[in-house]
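A quick write-up on the structure given underneath.
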Amino acid sequence: MTKWNPDHYQLGKIQVWDFIVDQDLNFLEGNVVKYICRAGNKSEESRFDDLLKAQAYIHKLIQTEIHASTRSDGPSPELQDNHGSTMCVEGCQCPCHAEETDL
């Protein structure tokens, strides 16, 4: 183990970053994988801490998807059918919830 190659990132046969690069994951997706893979294996962090970190990155990914899929005339029909307020984090300014804030 070294500072640049810690044990908590290689619990299986490959390094987590090798998987992230191989799958061409972006920053947010890569961090989800990283925190899930190391959950409970880094001495200074609890499993719960790492799962919460992964959750934060997943929420950001969801927000990014919602905002990228939203047209100027409102959310796409797919988002309206498959997206609920439970998918957004607190303070989301998603146009999907415009009706909620106008009440």
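The values are calculated or read from the model by the stated rules, or taken from the named source; none is laboratory data. Everything numeric here is computed off the predicted structure, so don't read it as measured data. Cβ placement follows ideal geometry from the backbone for every residue including glycine, while neighbour counts extend to all protein chains displayed.
Selection over segment 5-23 of residues that are of a type outside the set (V, I, T) and either in a helix (DSSP H, G or I) or modelled with pLDDT of 90 or more (or both) gives a count of 8.
Which residues, counting only those in segment 24-44, are touching an Asp or Glu at 6+ places or on another chain (Cβ under 8 Å) and either surrounded by fewer than 16 Cβ atoms within 10 Å (Cβ to Cβ) or in a helix (DSSP H, G or I) (or both)? Give the derivation first.
Initial filter on segment 24-44 (touching an Asp or Glu at 6+ places or on another chain (Cβ under 8 Å)): 35-36, 38-42.
Across segment 24-44, the qualifying residues are Y35, I36, R38, G40, N41.
Annotation note: Cβ proximity below 9 Å between a residue of segment 36-54 that is on the phi < 0 side of the Ramachandran plot and a residue that is of a type in the set (V, I, T) and part of a helix (DSSP H, G or I) (sequence gap 6+ or interchain) occurs for C37/V16; R38/V16; D50/I36; L51/I36; K53/V32; A54/V32; A54/V33; A54/I36.
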